[in-house]
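The values are calculated or read from the model by the stated rules, or taken from the named source; none is laboratory data. Everything quoted here is computed from the prediction, not taken from an experiment. Please note: Cβ atoms are built from the backbone with ideal geometry, for glycine as well, and neighbour counts cover all protein chains shown.
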Amino acid sequence: MADYIPELAKAEPDYLGVAICTTTGHVYSAGDAEVEFTLQSVSKPFAYALALQELGLDAVREIVGMEPSGEAFNELSLNRYDHRPVNPMINAGAIAVTQLINGVDSDPAERVEQLRSYFSRLAGRELKIDEKVRDSELQVSDRNLSLAHMLRNYDIIQDEAHDAVSTYVEQCSIKVTVRDLAVMSATLANGGTQPVTGEKILDADVCRLTLSVMSSAGMYDGAGRWMAEVGIPAKSGVSGGLLGTLPGQLGVATFSPRLNKEGNSVRGVDALTLLSKDMGLHLMSTDERYGVHPVRRMETEDDLTVIFLQGLINFNAAETILHQLTECEFGEGTVVLELSHITGSNRMGRRMLKEGLRRIREAGFDIAIVDPDGELEDRTMADGTEVPKGEPEDYALSEEAV
Ligand code: GLN
């Protein structure tokens, strides 16, 4: 167990808790899921997200990079050329990031409160600081103090080294359960909307950036192997917490205090490795887990062809649809895209569908869409004309369509 912080060495080593929260806000947990422990480094991606949210990427990038370091979490390391810490997941970067919260001129106590209340919103309940763990770590902070002095020396932070470290240590000492962690992680997975309370806390862009950095640097010197073997962007902490985030799907968290030599929870690593394998969660998996074929079916009657789409219409789905259309020999008449069964779309998917329709019209057909949920809100095509909208009943060729 982490014994360099005396209070952490007193924790019960046998605790084991696991929790999952889906982006729909369903939480499942097992084992010691109600035991509180301190966030420690698991706080780092969230503090980074808050800094990005408050100041934007350009300002944050001035003081911290986005490259994996492949080093231990407490490495005394800054980038050789501009002296920024290489990423916000190692201590040097995290201490720098914390000093941005609530504005660089913020009083340390207000900064801590800003962080505590933000973490509480992420968890969906009031979180407290573990004062014993905080005081214990402050007694042994020479290494973090040396990092803070180094950061001050290069003008990366303005705060006194002692204030910088104590703010950072307070952030690390916020108490959570694995359930909280799973929900917090699911908020990142869900583009910043807390899936249980429904509160919009972070922008989707901020979540994307945070998860990207987590995926390359979250597991310190074990980050590369972790991504290959487990494939879930993750962040560990020395108190034994570990969280993983699958964008658009779920947050998962474990708690078990014994650590491996990289400072990651031994049983947490095992649990996530197993879950990833058993549940097919690897982010780089090429299994067909992106679900359904986007063309549900095509129906033709006289001079009317209706193409029923389904699932998520992104670039990949739109390409499949348009490719299939180019291979069809329509007679003449009307071609209709039926969107009643789609689950969503992104900008590229919508743009491609509209361009496909425009070209079908160009080839001499009438076109229309059936779009009861208004997914194609902007129906203007590249030539400035609008895609005509039809009612489901108008084009319901078979029973199932209505
Ligand atoms: N507060 C701890 C430290 O700075 C956090 C380290 C960690 O969890 N990896 O040493």
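Yes/no per residue for (1) within 15 Å of the ligand (Cβ to nearest atom); (2) of a type in the set (A, V, I, L, M, F, W, C); (3) touching a helix residue (DSSP H, G or I) at 6+ places or on another chain (Cβ under 6 Å):
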position	(1), (2), (3)
I63	no, yes, yes
H83	no, no, no
N87	yes, no, yes
L100	no, yes, yes
L115	yes, yes, yes
F119	yes, yes, no
K128	no, no, no
- [ ] Out of the residues in segment 254-280 that are touching a Lys or Arg at 6+ places or on another chain (Cβ under 8 Å) and at pLDDT 90 or above, state the one that is nearest to A189 (Cα to Cα).
- [x] T254
Task: Residue identified as surrounded by 24 or more Cβ atoms within 10 Å (Cβ to Cβ) and within 30 Å of L339 (Cα to Cα) among L243, L272, L283, L250 - done: L250
Open item on the list: modelled with pLDDT under 95 and farther than 23 Å from S185 by Cβ: is that true of A109 in this structure?
Closed with: no
Open item on the list: Can you say whether Y220 is buried (at least 20 other Cβ atoms within 10 Å of the Cβ), within 14 Å of the ligand (Cβ to nearest atom) and on the phi > 0 side of the Ramachandran plot, as far as the supplied structure shows?
Closed with: yes
Task: Candidate set: segment 241-253, residues that are under 18 Å from R267 (Cα atoms) and among the hydrophobic types (A, V, I, L, M, F, W, C); chosen: the one nearest to the ligand (Cβ to nearest atom) - done: L242
Open item on the list: Quick check on L283: is it modelled with pLDDT of 90 or more, hydrophobic (A, V, I, L, M, F, W, C) and within 30 Å of G224 (Cα to Cα)?
Closed with: yes
- [ ] Look at G268 and say whether it is within 14 Å of the ligand (Cβ to nearest atom), closer than 30 Å to K10 by Cβ and assigned to a loop (DSSP other than H, G, I, E, B).
- [x] no
Open item on the list: Condition first: in contact with an Asp or Glu (Cβ under 7 Å, 6 or more places away or on another chain) and assigned to a loop (DSSP other than H, G, I, E, B). Can you find one or more residues in segment 344-351 that meet it?
Closed with: no
Open item on the list: Kindly evaluate E126 against the criterion of being assigned to a loop (DSSP other than H, G, I, E, B) and surrounded by fewer than 20 Cβ atoms within 10 Å (Cβ to Cβ).
Closed with: yes
Open item on the list: Could you list, ordered by first residue, the pairs with Cβ atoms under 6 Å in which the first is in segment 228-240 and within 16 Å of the ligand (Cβ to nearest atom) and the second is of a type in the set (S, T, Y), at least 6 apart or interchain?
Closed with: G237/S41; S239/T38; G240/S256; G240/S265
TODO: Report yes if some residue within segment 296-311 is over 28 Å from the mean Cα position of the chain (by Cα), assigned to a strand (DSSP E or B), under 30 Å from G248 (Cα atoms) and among the polar types (S, T, N, Q); otherwise report no.
DONE: no
- [ ] Tally the residues that are among the aromatic types (F, W, Y) and more than 19 Å from the chain's Cα centre (by Cα), restricting the search to segment 242-291.
- [x] 1
Open item on the list: I'd like the residue in segment 10-42 that is within 16 Å of the ligand (Cβ to nearest atom) and within 17 Å of A271 (Cβ to Cβ) and, out of all such residues, is surrounded by the most Cβ atoms within 10 Å (Cβ to Cβ).
Closed with: V42
- [ ] Would you please name the residue that is surrounded by the fewest Cβ atoms within 10 Å (Cβ to Cβ), looking only at residues in segment 66-80 that are under 10 Å from N91 (Cβ atoms) and among the aliphatic types (A, V, I, L, M)?
- [x] L76
Open item on the list: For segment 139-158, which positions are of a type in the set (A, V, I, L, M, F, W, C) and more than 10 Å from the ligand (Cβ to nearest atom)?
Closed with: L145, A148, M150, L151, I156, I157
